[in-house]
Amino acid sequence: MHDRVVYRREVMRTPIRTLAAEIKISKSAVDAFYKSRTYPGKVWPKLRDWYMGQRERQLDDYQTPPENHLLSALHTLSTFPRERRAEAMRVMAENYRSLNQAMGLPVPEWVGMLSEMARREQISGPSDEPELRIPLPRKPDH
């Protein structure tokens, strides 16, 4: 239970006040429980109920940033020769796109990012850089 509170605070950046409102206990009680692993005493039933409700959720709150997925894919492709890397990126992106579409799932953002990288590398030729780099996100047009 303590790990879930820490996760919400440190990974999800959930404010103490928000957690207190969700759990239905005071901010100071959440803060005290967050800072120490001591037995929560009289707020135990509310913490337990909140935690059990959290466990029943189908999807995790945290969504891995697409850049992290892209880095993982690029790391996998780092074993391919540079002159074939653009082709490997394109094939990987097509395969993930087809897989998601066949399963009726949305195509993840990182797949589009990988396709764009493959297109750019195909136009410019293999890079002399030993490492693949993630492109900076596009700035919105105003």
Quiz item: Would you list 69, 75 from the most to the least accessible area, probe 1.4 Å?
Solution: 75, 69
Quiz prompt | Solvent-accessible ranking of 33, 80, largest area first, probe 1.4 Å | solution = 80, 33
Self-check item: Under the Debye formula (equal points on every Cα, no solvent term), log10 I(q)/I(0) of segment 1-89 at q = 0.16 Å⁻¹
Solution: -0.67
Quiz prompt | Per-residue SASA entry for residue 52, accessible area with 1.4 Å probe, Å² rounded to 10 | solution = 80
Practice problem: Enumerate the calculated ³J(HN,Hα) couplings along segment 64-73 in order (Karplus 6.51 cos²θ - 1.76 cosθ + 1.60, θ = phi - 60°), each rounded to whole Hz, writing x wherever the residue is Gly or Pro. | Solution: 4, x, x, 4, 5, 5, 4, 4, 4, 5
Quiz item: Based on Cβ point charges of +1 for Lys and Arg and -1 for Asp and Glu, what charge dipole magnitude is obtained for segment 1-99 about its Cα centre, in debye rounded to the nearest 20?
Solution: 440
Quiz item: Just how much of residue 79 is accessible, in Å², when a 1.4 Å probe is used and the result is rounded to the nearest 10?
Solution: 120
Quiz item: Given a 1.4 Å probe and the protein chains all in place, what does the accessible area of residue 44 round to, in Å² to the nearest 10?
Solution: 80
Quiz item: Whole-Hz Karplus ³J(HN,Hα) for segment 105-119, in order, using 6.51 cos²θ - 1.76 cosθ + 1.60 and θ = phi - 60°, x for Gly and Pro?
Solution: 9, x, 6, x, 4, 4, 5, x, 5, 5, 4, 5, 5, 4, 4
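The values are calculated or read from the model by the stated rules, or taken from the named source; none is laboratory data. Please read these numbers as outputs of a predicted model, since none were measured by experiment. Here Cβ is always computed from backbone atoms with ideal geometry, including for glycine, and neighbour counts include all displayed protein chains. For the accessible areas, the whole protein counts, side chains as well, though only heavy atoms, and no ligand, DNA or RNA atoms are used. Shrake-Rupley method; radii C 1.70, N 1.55, O 1.52, S 1.80 Å.
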